[in-house]
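Novice: Here's a structure for you.
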Amino acid sequence: MALIVENGSVVAGADSWATLTEARALAAKYGVTLPADDTEAEVAMRNGGAYVNGYEPNMAGVRVSDVQTMCYPRAGVFKFGFQCAEDSIPAEIILAQVFAAAKIAEIGDAWGVDDGKGILSEEVTGVVAVTYSDNGKTGTYYRIERVDALLKPLLGGAGASNFAVVRG
C-alpha cells in the first residue's frame with residue numbers, strides 16, 4: 001500500500017511526510033539505506049513516522065487539527081527564532097523520519113524486547129560465567145541519536161527548557 005503523505009493540509013490517514021521517491025533521494029544524499037523492496041521501505045517509513053510521532057509530548061506548538069494522524073503540521077512553532085507556517089512540514093521532520101526508517105529497517109524494531117539486564121561481567125576459563133546487573137532500563141525503546149539532534153530545534157513542550165526568540 002502506497003504511503004499517504006502529509007503535506008501540511010491535514011491529509012486523511014497520512015502515515016508519512018515524504019513519498020518513497022523523496023525518502024530514497026534523501027537516504028542516498030545522507031548515506032543511509034532504506035530497504036530495496038518498496039513494500040519493506042514503505043513499512044520502514046511508516047515506522048519511522050511513528051518513531052518521530054513519539055516525540056510529540058515534547059514538541060513545541062500544537063496540532064492544527066484534532067483529526068490529523070501525524071504530529072505535524074503544528075501551530076505555534078518557532079525554529080531558530082522564526083515562526084514556522086502552520087501548514088508547513090519542517091525539513092528536520094522529514095529527514096528525521098528517513099533516518100528513523102533506515103535505522104529501524106537495519107535493527108528490525110525500535111521497540112524491541114529487552115529483559116532489562118546488562119552484562120556486568122563475563123568469564124571464559126573452561127566454563128562460562130555471566131553476571132547480570134539491573135542496568136536501570138525500564139522500557140524497550142531504542143534511541144536514535146541522529147533523530148534526537150534533528151528534532152531538537154522543534155522541541156519545547158512539557159518538560160523542555162526551550163524558549164522562543166521572535167525576530168522582528
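Taken together, the values in this text are just the output of simple stated rules run on the coordinates, not laboratory data. All figures in this text were calculated on a predicted structure; none of them were measured in a lab.
Novice: Amide H to amide H, which residues 5 or more places from Ser16 or on other chains are under 5 Å from it, using H placed in the peptide plane?
Specialist: Amide H neighbours of Ser16: Ile4, Glu6.
Novice: If amide H atoms are built 1.01 Å from N in the plane of the peptide, which residues on other chains or at least 5 residues away come under 5 Å of the amide H of Gln68?
Specialist: Correct list: empty.
Novice: Let me ask something else. For the range 1-97, max minus min Cα coordinate along each principal axis, in Å, sorted largest first?
Specialist: Answer, in whole Å and largest first: 38, 28, 20 Å.
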